[in-house]
1. Output the qualifying pairs, or none if there are none: Cβ atoms under 7 angstrom, residues six or more apart or on different chains, first residue in region 152-164 and over 9 Å from Val76 (Cβ atoms), second residue among the aromatic types (Phe, Trp, Tyr) and surrounded by 12 or more Cβ atoms within 10 Å (Cβ to Cβ).
2. Which one of Ala104, Ala97 is assigned to a loop (DSSP other than H, G, I, E, B), in contact with a strand residue (DSSP E or B) (Cβ under 6 Å, 6 or more places away or on another chain) and at negative phi?
3. Of the numbered conditions (1) of a type outside the set (A, V, I, L, M); (2) touching a residue at least 40 places away in the same chain (Cβ under 8 Å); (3) touching a helix residue (DSSP H, G or I) at 6+ places or on another chain (Cβ under 8 Å), Tyr107 satisfies every one except a single condition; which is it?
4. Being among the acidic types (Asp, Glu) and over 13 Å from Ile62 (Cβ atoms) is the filter here, so list the residues in region 84-103 that pass it.
5. Kindly evaluate Ser148 against the criterion of being farther than 30 Å from Pro65 by Cα and either at pLDDT 85 or above or loosely packed, with under 11 Cβ neighbours inside 10 Å (or both).
6. Do you know which residues across region 74-91 are within 9 Å of the chain's Cα centre (by Cα) and among the hydrophobic types (A, V, I, L, M, F, W, C)?
7. Considering only residues that are touching a residue at least 60 places away in the same chain (Cβ under 8 Å) and in contact with a strand residue (DSSP E or B) (Cβ under 7 Å, 6 or more places away or on another chain), which ones fall in region 113-136?
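The values are calculated or read from the model by the stated rules, or taken from the named source; none is laboratory data. Here the structure is a predicted model, which is why all the values come from computation and not from measurement. Cβ placement follows ideal geometry from the backbone for every residue including glycine, while neighbour counts extend to all protein chains displayed. We work out accessible area using only protein heavy atoms, side chains counted, and drop any ligands, DNA or RNA first. Shrake-Rupley method; radii C 1.70, N 1.55, O 1.52, S 1.80 Å.
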Amino acid sequence: MDIRRTIILAAAAVALTACSTSIPDRDPGNTTTQRTSERPAVPGAPGRPEKTDAGKVPGAPIRIPAFTELQGLPLVTVRDLAETRIAEECDDCVRIATTVDSTATQYSVCQYVSFRGGQADPTPNEESPNGSVILTRGSTLTLITGPSAPQQLPCSTEGYLPKTSVTDDPDPTTGTTPTTSKPRVTPTS
């Protein structure tokens, strides 16, 4: 019986010691907090995120720059930038999709208009003067394009602007009225 009690008391003492050393400091500015262990904390220890790693903790939302200043640029450029920024924060934790906004008629299906799927934070910072987009892991960031036909397909960094519309003014060099036909465009996701 005495050996059994001794083992139980030893196990309880080990458990209490382990619990007391894993409790985080309450106030980082409070210098009166004392550690109960003589061992210093190991930076980067598995399972113990540092205060500067808040955005990289599994399950934490991620921030990428808001793409508001990129409106009107080629969709492929904005998509590549979004994929790069998301990959810097986490691998494949946010999906990227594309959709068409039929009311943005001044833009082509190859031009970036805006986004959906994240929460906009307009607070400027060093990385993004126009604020950030806060994305939840496992969510989808949808890049929105216009409905107009581009100058050329497939979408690339050239020919992404909408085709010019038909005008009734004659061409001053030939004296004829130009005509263009708009091809039927099926947006891709």
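1. Filtered contacts from region 152-164: Pro162/Tyr107.
2. Testing whether each residue is assigned to a loop (DSSP other than H, G, I, E, B), in contact with a strand residue (DSSP E or B) (Cβ under 6 Å, 6 or more places away or on another chain) and at negative phi leaves just Ala104.
3. For Tyr107, the exception is condition (3).
4. The one that is among the acidic types (Asp, Glu) and over 13 Å from Ile62 (Cβ atoms): Asp101.
5. The answer is no for Ser148.
6. If the condition is that a residue be within 9 Å of the chain's Cα centre (by Cα) and among the hydrophobic types (A, V, I, L, M, F, W, C), then Ala82, Ile86, Ala87 are the ones that fit.
7. Glu127, Ser128, Gly131, Ser132, Val133, Ile134, Leu135
Conditions tested, residue by residue: (1) open to solvent by 30 Å² or more (accessible area, probe 1.4 Å); (2) closer than 27 Å to Pro162 by Cα; (3) in contact with a Lys or Arg (Cβ under 7 Å, 6 or more places away or on another chain).
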{"residue": "Pro74", "(1), (2), (3)": "no, yes, no"}
{"residue": "Cys93", "(1), (2), (3)": "no, no, yes"}
{"residue": "Thr103", "(1), (2), (3)": "yes, yes, no"}
{"residue": "Tyr107", "(1), (2), (3)": "yes, yes, no"}
{"residue": "Asp121", "(1), (2), (3)": "yes, no, no"}
{"residue": "Thr136", "(1), (2), (3)": "yes, no, no"}
{"residue": "Ser139", "(1), (2), (3)": "no, no, no"}
